[in-house]
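Note sheet for the following structure.
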């Protein structure tokens, strides 16, 4: 049982910590998620196209990239970029390191989602494009990618929500995002359970809001495509 004095102290810590942590989330966690996911999506599309291009050097390079990134922990990738590269004279700041790390990671995982979505489109769709005089790039852009996008939206949405939570790893390379702020407050209040649970609650809020927004976007996109 907690005595009244301890309970009052915990309530005071929660009240005083909520907005600094929320502010760090809005200022760093959400932008870091959005920017990394967007850049990762571009990288994923290029990687997926390289995989299906039929050009062996491109296919091999894309396969190697996906193999390395998917086979190593995200935390290790962040440490290599931020702590490892300075040993060979390449120094990158905490936030750019986080963006690079998350972008590369998202690019590898999402490339497989996009590749699978493209390959799920029946070959007859390609043939239909060719039959009316379209080139490969034209058929890809006007026929295949719009349909593949519809297929890939749900798994990409899951990847996006996962990234929201993964950004907490940026705290390990000194990015002052929400979890880093929670660690800093814990160092002065000595209430790790309370503060880390509070951080988890705020992450849950962000994930829920973004999930609902993504769900509405999926429905609108689905109506647009089917229409």
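I'm told residue 179 meets every condition in (1) modelled with pLDDT of 90 or more; (2) more than 15 Å from residue 32 (Cα to Cα); (3) buried (at least 21 other Cβ atoms within 10 Å of the Cβ) except one. Can you identify the failing condition by its number?
(2)
Let me confirm something: among 172, 167, which residue is in contact with a helix residue (DSSP H, G or I) (Cβ under 9 Å, 6 or more places away or on another chain), crowded, with 19+ Cβ neighbours inside 10 Å and part of a helix (DSSP H, G or I)?
The unique qualifying residue is 167.
Scan the stretch 99-118 and tell me whether some residue there is more than 23 Å from residue 41 (Cβ to Cβ) and either without any contact (Cβ under 8 Å) to a residue 24 or more places away in the chain or surrounded by fewer than 19 Cβ atoms within 10 Å (Cβ to Cβ) (or both). Talk me through it step by step, then tell me what you get.
At the first step, the residues of the stretch 99-118 found to be more than 23 Å from residue 41 (Cβ to Cβ) are none.
No, the conditions are met nowhere in the stretch 99-118.
Of everything in the stretch 77-97, what is closer than 20 Å to residue 33 by Cβ and either within 16 Å of the chain's Cα centre (by Cα) or assigned to a loop (DSSP other than H, G, I, E, B) (or both)? Give them in sequence order.
Of everything in the stretch 77-97, those that are closer than 20 Å to residue 33 by Cβ and either within 16 Å of the chain's Cα centre (by Cα) or assigned to a loop (DSSP other than H, G, I, E, B) (or both) turn out to be 77, 78, 92, 93, 95, 96, 97.
Report the residue count in the stretch 201-227 for those that are surrounded by 14 or more Cβ atoms within 10 Å (Cβ to Cβ) and either modelled with pLDDT of 90 or more or more than 21 Å from the chain's Cα centre (by Cα) (or both).
2
The values are calculated or read from the model by the stated rules, or taken from the named source; none is laboratory data. Just so it is clear, the structure is predicted and the values come from calculations on it, not from any experiment. Every residue, glycine among them, receives a Cβ derived from its backbone with ideal geometry; neighbour counts consider all protein chains shown.
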